[in-house]
Amino acid sequence: MTPYEEEYDAELVAERNSYLRELKSTLAEIESLILDLSSTESRIDYTGPLTRQIHTIKGTAGSLGLDLLSCAAHRMEDLFVRQQREQENNETFVDRLLAQNDLLAAIAAAYLAGDEQSLCEVRRRLAETTRPSSVVARDDGCLERVLIVETSSVTLQFCVKILNEFGAVQVTSVRDGYEALGCLLKERFDAVITSLQVLTIDGPSLVTVLRTIPGPNGATPVVLLTAAAGSLESTKTRPDFVVEKNLGLAAELRAILKQLARPDLQSDAASAELKERVLKKILLIDDSQEMHVLVGLSFKRFPEIEIVGVLDPTRALESARTETPDLILLDVQMTPVSGKDVMRDIKATPELSDIPVAFFTGNDDAAEKRELASLGAWQIFKKPFSPKTFSDQVLSLFEAR
């Protein structure tokens with residue numbers, strides 16, 4: 001494993017643990033919102049913020065490879081659909097939500113403690129209750145068998161968890177490129193995921209051999225994971241997909257697996273939905289020049305995304321109308337107009353009301369978070385944030401919304 005890959009693994013573990021520690025207070029807020037649902041009159045006020053909180057957990061946990069958290073949050077979302085469909089009584093509905101919230105807390109604690117026994121038990125329970133329709137690829141068998149060639153145990157577990165979301169029935173993992181070649185010459189796989197640097201035969205060399213020697217996997221798609229995509233040798237056969245090992249890995253790998261799982265079932269409607277979710281322009285409204293610099297630094301790796309900055313909040317609505325952004329990042333504390341007032345204006349403007357708006361706030365007060373959610377906030381980002389990981393977090397959540 002290269003120093004770059006070791007650094008990536010360390011960053012991923014640190015990011016996951018930080019998120020898991022913060023999740024405790026988030027789940028306490030969710031529990032409070034669920035208890036508020038006990039009052040029939042308040043359901044309209046609290047259902048929206050509650051579902052947004054759960055949806056955020058599903059997206060963020062998934063992007064960090066915390067598959068059980070993401071799955072449990074998805075089940076929690078399903079409870080709202082079930083309640084509407086079956087008109088389940090309010091008391092039973094609240095009890096189910098509380099039980100699911102307790103499960104989220106237990107999963108988070110097990111992840112943080114490295115309690116594999118508890119995680120395996122939860123995984124077994126969730127698998128027993130998984131509906132067949134929830135499996136993405138199993139209908140057509142496009143991702144039933146996958147080979148992973150990886151020396152890092154953290155990256156391996158990360159990939160396996162994402163593959164489980166796509167219904168991979170059998171995942172085979174090896175650390176050695178020569179051993180991987182032996183498997184590929186004997187058995188057919190639906191996809192291969194390999195790191196650039198593995199033992200004996202590196203990833204690009206493995207691809208070259210696979211494409212030149214007759215065998216059952218001559219046309220099998222190969223995903224190459226690397227810490228530096230620019231370092232690939234032009235003389236070797238290029239893999240079908242190249243994914244950089246950074247905190248945006250989850251979103252990119254999911255997009256590739258989705259394409260591989262259903263290559264011939266992309267309807268026009270699905271294609272249109274994917275286009276709508278492409279993030280091309282962000283409108284940043286903040287009266288602090290420092291925030292504009294930090295956001296710009298964070299998105300420097302994504303030159304295809306345009307950042308339009310607005311320092312004067314009195315020009316926010318005009319700029320939103322002119323720029324028609326895909327996403328608005330909005331600071332809460334601004335003068336002479338607050339972010340909350342800007343948000344009200346945006347939501348009151350028909351042509352802007354559907355644009356997702358995320359707040360920046362340095363306040364950790366639960367009551368303010370509820371207020372921001374009630375105003376229609378898509379996400380709430382706490383200041384200060386790390387420019388190194390912020391853009392990946394935004395892109396992952398935007399894709400999952």
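The values are calculated or read from the model by the stated rules, or taken from the named source; none is laboratory data. Everything quoted here is computed from the prediction, not taken from an experiment. Please note: Cβ atoms are built from the backbone with ideal geometry, for glycine as well, and neighbour counts cover all protein chains shown. In case anyone asks, the SASA skips ligands and DNA or RNA and just uses the protein heavy atoms, side chains included. Shrake-Rupley method; radii C 1.70, N 1.55, O 1.52, S 1.80 Å.
Can you name every residue in segment 346-375 that is among the basic types (Lys, Arg) and in contact with a helix residue (DSSP H, G or I) (Cβ under 9 Å, 6 or more places away or on another chain)?
First, pick out the residues of segment 346-375 that are among the basic types (Lys, Arg): 347, 369-370.
Within segment 346-375, Lys369, Arg370 qualify.
Taking Pro325 and the conditions (1) touching a strand residue (DSSP E or B) at 6+ places or on another chain (Cβ under 7 Å); (2) over 27 Å from Thr26 (Cα atoms); (3) open to solvent by 50 Å² or more (accessible area, probe 1.4 Å), which numbered condition does it fall short on, given that it satisfies the others?
With respect to (1) touching a strand residue (DSSP E or B) at 6+ places or on another chain (Cβ under 7 Å); (2) over 27 Å from Thr26 (Cα atoms); (3) open to solvent by 50 Å² or more (accessible area, probe 1.4 Å), Pro325 is out only on (3).
Please verify whether segment 281-299 includes one or more residues that are at pLDDT below 85, surrounded by fewer than 14 Cβ atoms within 10 Å (Cβ to Cβ) and either within 24 Å of the chain's Cα centre (by Cα) or not in a helix (DSSP H, G or I) (or both).
Within segment 281-299, the first condition is being at pLDDT below 85, and the residues that meet it are none.
No, segment 281-299 has no match at all.
If you take just the strands (runs of 3 or more DSSP E) that sit entirely in segment 113-226, which of them hold at least 3 residues that are at pLDDT 85 or above and open to solvent by less than 30 Å² (accessible area, probe 1.4 Å)?
Values: elements: 145-149, 170-174, 191-195, 222-226.
Result: 145-149, 191-195, 222-226.
Of the residues Glu351, Glu318, only one is open to solvent by 70 Å² or more (accessible area, probe 1.4 Å), free of Cβ contacts under 8 Å to residues at least 12 places away in the same chain and at negative phi; which? Explain how you work it out, then say what you get.
On the way: Glu351 fails: free of Cβ contacts under 8 Å to residues at least 12 places away in the same chain.
Residue meeting the stated conditions: Glu318.
Keeping to segment 1-33, report how many residues are β-branched (Val, Ile, Thr), modelled with pLDDT of 85 or more and more than 16 Å from Ala109 (Cα to Cα).
Just the residues of segment 1-33 that are β-branched (Val, Ile, Thr), to begin with: 2, 13, 26, 30.
Cutting the leftovers down to modelled with pLDDT of 85 or more gives us 26, 30.
From what is left, the residues that are more than 16 Å from Ala109 (Cα to Cα) are 30.
Total meeting the criteria: 1.
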